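Working notes, beginning with the structure itself.
The values are calculated or read from the model by the stated rules, or taken from the named source; none is laboratory data. Computed from a prediction, not measured in an experiment: that's the story for all the values here. Cβ atoms come from the backbone with ideal geometry, glycine included; neighbour counts cover every protein chain shown.
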Amino acid sequence: MPVATIGLGDARFAYNLHPMTDFSLETGQDVVRVTCECCGNEKKRVWGFVSLSGDAYAVYYALLNVTEDRPRVGLTLSIGPWWEDTEPSQRSWCHIDVRTEPDKFQFVIRNPKESNFYPWERGGAPLNPEQAAANGMRDEIQSVAKFIVETDPAISSYLDEIGVNTVGRKPREADGPQHGC
């Protein structure tokens, strides 16, 4: 059975890719074609929402690096309550580098400043790898990120190297350039 690893610094954690969850996913309506200012390469951005037991629980933005030799996704993920009358102080966010290896995904939590969304005030408190571990968020980040990567059709198809599945989303051009890879 495939496994995934999540990295926090030098530590790696493996887990089963098919546990039962109470998560559900709603994809954003667009696949946005962006051009990176730093390298001039095309990228694709998708986003979506994750609910936990019917409540808005996470928001994510994924940058698909479609011109690189090996699939890589920059996943910016905010976890915590997202329903009406909640505050960013109730949420935390991190930036995760997602890559594929034979029979598994590799997730590495990066410095939040590497995210195109930094500083993402609405996302809550930014977490670096050490803060995610110290705040007890590592397992939750791992579960939600794995669910997104497996469930969002654009991300999963891209990581499976079969193109970017745009079914249910409209391709469109970005309003401006991407400020980094």
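May I ask you to say which residue of 50, 73, 66 is aliphatic (A, V, I, L, M), touching an Asp or Glu at 6+ places or on another chain (Cβ under 9 Å) and part of a loop (DSSP other than H, G, I, E, B)? The unique qualifying residue is 66. Within region 76-102, restricting attention to residues that are assigned to a loop (DSSP other than H, G, I, E, B) and among the aromatic types (Phe, Trp, Tyr), the residue that is farthest from residue 121 (Cα to Cα) is 83. Is region 154-164 home to any residue that is assigned to a helix (DSSP H, G or I) and either under 22 Å from residue 22 (Cβ atoms) or basic (Lys, Arg) (or both)? Yes, there is a match, as at least one residue in region 154-164 is assigned to a helix (DSSP H, G or I) and either under 22 Å from residue 22 (Cβ atoms) or basic (Lys, Arg) (or both). Does residue 150 fit the bill of being outside any loop (DSSP other than H, G, I, E, B), in contact (Cβ under 8 Å) with a residue 60 or more places away in the chain, in contact with a Leu (Cβ under 9 Å, 6 or more places away or on another chain) and over 24 Å from residue 52 (Cα atoms)? Criteria not met by residue 150. Among the candidates 108, 144, the residue that is farther than 21 Å from residue 34 by Cα, of a type in the set (Val, Ile, Thr) and in a strand (DSSP E or B) is uniquely 108. Within the set 168, 136, the sole residue that is modelled with pLDDT under 90, out of contact with any Phe, Trp or Tyr (no Cβ under 6 Å at 6 or more places or on another chain) and exposed (fewer than 15 other Cβ atoms within 10 Å of the Cβ) turns out to be 136. For region 117-138, the criterion of being within 20 Å of residue 27 (Cβ to Cβ) and part of a helix (DSSP H, G or I) is satisfied by at least one residue. Taking the criterion of being of a type in the set (A, V, I, L, M) and at pLDDT below 95, no residue of region 142-158 qualifies.
Looking across region 23-69, just one residue is of a type in the set (Ser, Thr, Tyr) and in contact with a helix residue (DSSP H, G or I) (Cβ under 6 Å, 6 or more places away or on another chain), and that is 60.
In this structure, is residue 106 in contact with a Phe, Trp or Tyr (Cβ under 9 Å, 6 or more places away or on another chain) and of a type in the set (S, T, N, Q)? Judged against the criteria, residue 106 is not a match.
Quick grid of which residues meet (1) on the phi > 0 side of the Ramachandran plot; (2) crowded, with 17+ Cβ neighbours inside 10 Å:
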position	(1), (2)
40	yes, no
53	yes, no
57	no, yes
62	no, yes
66	no, no
82	no, yes
88	no, no
93	no, yes
98	no, yes
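Just one of (1) under 16 Å from the mean Cα position of the chain (by Cα); (2) among the polar types (S, T, N, Q); (3) under 21 Å from residue 23 (Cβ atoms) trips up residue 128, so point out which. Just one mismatch for residue 128, condition (3).
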